[in-house]
1. Where in the stretch 131-187 are the strands (runs of 3 or more DSSP E), entirely inside, with at least 3 residues that are open to solvent by less than 50 Å² (accessible area, probe 1.4 Å)?
2. What are the residue pairs meeting all of these: first residue in the stretch 90-101, first residue within 18 Å of TYR29 (Cα to Cα), second residue part of a helix (DSSP H, G or I) and aliphatic (A, V, I, L, M), Cβ atoms under 8 Å, and 6 or more apart or on different chains?
3. Show me the helices (runs of 4 or more DSSP H) found entirely inside the stretch 10-129 where at least 2 residues are more than 24 Å from the chain's Cα centre (by Cα) and not assigned by TED's automatic domain parsing to the domain that holds ALA144.
4. I'd like to know if the stretch 188-207 contains one or more residues that are open to solvent by 60 Å² or more (accessible area, probe 1.4 Å) and touching a Cys at 6+ places or on another chain (Cβ under 9 Å).
5. May I ask you to list the residues in the stretch 161-203 that are free of Cβ contacts under 8 Å to residues at least 40 places away in the same chain and away from the ligand (no atom under 16 Å from the Cβ)?
6. Mind counting the residues in the stretch 209-237 that are within 11 Å of the ligand (Cβ to nearest atom) and either open to solvent by less than 70 Å² (accessible area, probe 1.4 Å) or not hydroxyl-bearing (Ser, Thr, Tyr) (or both)?
7. Any idea which of SER116, SER104 is among the polar types (S, T, N, Q), without any contact (Cβ under 8 Å) to a residue 24 or more places away in the chain and open to solvent by less than 30 Å² (accessible area, probe 1.4 Å)?
Amino acid sequence: MGFLFSCYVNAMHPALLRFLGLPAQGSSYAHKVDFDLLLLHAGMAAMFIIWAVLMAFLLIRYRRKEGRQAIYESTGGAWALAGGVAIVLFELVIIVTYSIPTWSTISLRLPDEKSSNVIAVVAEQFAWNVHYPGPDGKFGRRAAQFVDSGNVLGLDPGDPDGKDDVVTLNELHAPLGKPTLVYLTSKDVIHSFFIPAFRVKRDAVPGMVSPLWFEPILEGRFTISCAQLCGIGHATMQGVAITHPAEEFESWLKEQSALKDATD
Ligand SMILES: [Cu+2]
C-alpha cells in the first residue's frame, strides 16, 4: 500500500517504468497517469493470483471420489454478495480519491494564460503546425482565405499582432518550469495529438478548439505522434517536442521572430 502511495506522489522507479513499457515521465502530471496503469496492473495481478489459487484449491478439494455426490442447487449467496459489494466499494474509493482529482487536474483546470507559454497547434494531413504568438504575446489572426503553400496557417498579413508570430512545422518548442497551454485544432480531418512522454493525448477536431496543457519537467526531445487514423500518411505524421530551459526558449523565440522579419 505504501509503495502504491509513493508511486502516486512521486515519479515511478525507472525499472518499473520499463517493466510497464512506459517512456520517461516528462511532464509534471505524468506520474499521476502512470499510477492509473500501475493500479490496473496490480489489481489484475492480484485478481489473477486469487482466482488461480481458488481454482486450484477447488479442483483438488472437490475432485471426483468414489461415493461423492455433487449438489446442483445454489448454497446461498452471502459470500457472493459480500464480494460484489466489496468490488463496488473499492471502485468507488478509486473514483473519488484518485480518478476525479487526477482528471480535474489534467483536463478541467487549465493554467492561467498569463503564466503559461501559450501556443496553437493546427493538425493537418499529415503534419503538425505550431503557432507561437511571438514576443508580443498576441496571436495574429488566422483565416482560411490567406492559406497558401507559403502561409499554411493562413496568417492575416494585415494584422500587426501577427507580424512577430512564429510558425514551425513538426517541431514544438516549450520551456521548462512553466506550463505550456495548447489550443489544438485541425485543418481537415480528426487527428489526435499525442506526446507519450508527457502522457498527453487529445483529439484535434476541425472547426473546434480543444485546450490542453502540460508542464515539461525533462529537457530533451520527445516524439509527437498522431493517435487517430487520419489517412494514408497517418503513420508518418510525427513531430518532435523540444524542451528548453526558460531563457534558452525565450532567446530561441526571439531569434525565430527576427529571422521571420528579415525574410518578410
Ligand atoms: Cu493525423
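1. Working: elements: 166-169, 171-175, 180-186.
Once the strands (runs of 3 or more DSSP E) in the stretch 131-187 are filtered for at least 3 residues that are open to solvent by less than 50 Å² (accessible area, probe 1.4 Å), what remains is 171-175, 180-186.
2. ILE94/LEU39; TYR98/LEU39
3. It comes to 30-61, 78-94.
4. There is at least one residue in the stretch 188-207 that is open to solvent by 60 Å² or more (accessible area, probe 1.4 Å) and touching a Cys at 6+ places or on another chain (Cβ under 9 Å).
5. Selection gives ASP161, GLY162, VAL167.
6. 13
7. SER104
The values are calculated or read from the model by the stated rules, or taken from the named source; none is laboratory data. Predicted, not measured: the structure shown is a model, and the values here were computed from it. Here Cβ is always computed from backbone atoms with ideal geometry, including for glycine, and neighbour counts include all displayed protein chains. Each accessible area value is taken on the protein alone, full model and side chains, heavy atoms only, with ligands, DNA and RNA left out. Shrake-Rupley method; radii C 1.70, N 1.55, O 1.52, S 1.80 Å.
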